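I am attaching a structure below and will ask some questions about it afterwards.
The values are calculated or read from the model by the stated rules, or taken from the named source; none is laboratory data. Predicted model only: the values in this text are computed from it and were never measured. With ideal geometry, Cβ positions are generated from the backbone for all residues, glycine too; neighbour counts draw on all protein chains shown. The protein model used for the area step is the full one, side chains on, heavy atoms only, and it has no ligands, DNA or RNA in it. Shrake-Rupley method; radii C 1.70, N 1.55, O 1.52, S 1.80 Å.
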Amino acid sequence: MISKNYRFIIITPPRTGSKSIKHAFGTLDSTILQSNLGKLSSSKYPHRPIRDFKLNLQNFEEYRVVGITRNPWDRISSYWHSFYKPDKYNIKRGIKEERRPKISFNDFVRTLYKHPESLKFFGDMINHFFSMDNELVVKEYIRFEHLEEDFNKFCETKDLPPIKLRQLNGCKKMWEDYDPRSVYDSELVDIIRERYKTEIEHFGYEF
């Protein structure tokens, strides 16, 4: 997402609080809902890698670039729980059976890269979202693990008032009893560790 008024770009891989942050900024800056990238409108798809902005924004160097990171074990578990786990909350949210097939977490992890399109959802954050031509472009980060604290520190640097983040993706009941680590066995832990080795080492994540 991008703010033309405040001159910043935030790179938000899926399941890193993008909807909450866009909503929060939208109360201050209506342009946050526009990417100024033509077909790459962030209002339609907010999870754009840095290359989309750098290649399509003429004055890219004028923008402060920040990425949001999240422990990959939690991020992948969260995505499965939100969209593929069979439960009544997904039915309540109107997620159609043919669009979001029920699948076990074991099968989900093992088929993450079965289709090339999966990269835009499950790509390594360092290599897919934050880098371009093997160069790390994004060097400043907000961590999902303390999202509101880091987010408000960022707002302070842009002379913005503290903004309360709201949980917008999914109902509260769906998440209150869910432990993202509970679905892992040792083999699945190792699969994620291997597939997301670069970001795990870069950010110092542990299971």
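Can you report the number of residues in segment 142-156 which are assigned to a strand (DSSP E or B) and open to solvent by 80 Å² or more (accessible area, probe 1.4 Å)?
So the answer is 0.
Kindly indicate which of Lys164, Lys139, Lys114, Lys102 is surrounded by fewer than 16 Cβ atoms within 10 Å (Cβ to Cβ), at pLDDT 85 or above and in a loop (DSSP other than H, G, I, E, B).
Going through Lys164, Lys139, Lys114, Lys102 in turn, just one is surrounded by fewer than 16 Cβ atoms within 10 Å (Cβ to Cβ), at pLDDT 85 or above and in a loop (DSSP other than H, G, I, E, B): Lys139.
Among the listed residues Leu37, Leu33, identify the single one that is open to solvent by less than 40 Å² (accessible area, probe 1.4 Å) and modelled with pLDDT under 90.
The match here is Leu37.
Now for a different question. Based on this model, can you work out whether Tyr84 counts as open to solvent by less than 50 Å² (accessible area, probe 1.4 Å) and at pLDDT below 85?
Answer is yes for this residue.
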